[in-house]
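For reference, the structure is listed below as structure tokens.
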Amino acid sequence: MTQQPPARQRLVDHMDRRRVALRLTWGEVATRAGMSQAHLRRIRNDDVPLSSLMSGRLEQALQWAPGSVDRIVAGEVPTEIPSPSDARSADNPPVDGSSLPASATDGVRAAIRELARALPPEDVRALLAEVRPDSPRYEDLAEQHIWETPGLTDSQRRQLVGHLQVMRRIEDGAERDEPPAGVREFRRRTGGE
């Protein structure tokens with residue numbers, strides 16, 4: 001293995017420390033960053049250049065403020081974004097929304113919507129679970145069970161969710177007395193319709 005440039009090695013060291021602090025595997029970091037594990041490995045091994053898009057995705061996955069990757073490469077330290085549970089303490093208890101004026105809650109709602117659009121879906125679900133632990137974390141309870149079943153890989157979970165969605169589409173067609181789309185297409189092509 002060749003010696004990495006000091007800037008890339010510094011980045012890899014910071015990434016590894018942050019990954020451990022967040023209790024993530026490299027696979028989870030790759031998933032959060034929207035890239036394959038192989039691509040993340042190539043970035044870590046300095047086999048590919050690190051684009052600004054990939055830097056931003058890594059910052060998001062590792063809960064660093066924007067520009068943190070560039071700061072690390074420049075010899076500085078990244079700015080960590082604390083998770084919501086870190087920000088809560090005895091000095092800073094959760095605020096009951098009913099005690100806020102309507103104008104404040106409107107602003108908070110707008111900020112939350114904007115933040116939710118910027119975060120990966122799994123982060124949004126995790127935040128919702130913290131805010132409303134008694135509510136389902138997914139719109140679909142069957143999907144929630146798939147994602148929370150221990151022992152499955154993310155790939156297996158995605159595949160099961162895909163199967164569930166296909167079954168639901170087939171079920172929807174049966175309720176309307178329609179054959180599934182694949183059957184309709186087959187009949188159209190073979191002249192059987």
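Per-residue answers, yes or no, for (1) surrounded by 14 or more Cβ atoms within 10 Å (Cβ to Cβ); (2) at pLDDT 65 or above; (3) closer than 24 Å to residue 27 by Cβ:
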{"position": "39", "(1), (2), (3)": "yes, yes, yes"}
{"position": "50", "(1), (2), (3)": "yes, yes, yes"}
{"position": "53", "(1), (2), (3)": "no, yes, yes"}
{"position": "80", "(1), (2), (3)": "yes, yes, yes"}
{"position": "85", "(1), (2), (3)": "no, no, yes"}
{"position": "94", "(1), (2), (3)": "no, no, no"}
{"position": "98", "(1), (2), (3)": "no, no, no"}
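Kindly check whether there is at least one residue in the stretch 141-158 that is modelled with pLDDT under 70 and over 18 Å from the mean Cα position of the chain (by Cα). Give the derivation first.
First pass over the stretch 141-158, keeping only residues modelled with pLDDT under 70: none.
No, the stretch 141-158 has no match at all.
Out of 123, 70, one residue alone is in a helix (DSSP H, G or I), surrounded by 14 or more Cβ atoms within 10 Å (Cβ to Cβ), of a type in the set (Asp, Glu) and modelled with pLDDT of 90 or more. It is 70.
The values are calculated or read from the model by the stated rules, or taken from the named source; none is laboratory data. It should be emphasised that the depicted structure is a prediction, and the values quoted were computed from it without experimental measurement. Every residue, glycine as well, gets a Cβ built from its backbone with ideal geometry; the counts of neighbours run over all protein chains shown.
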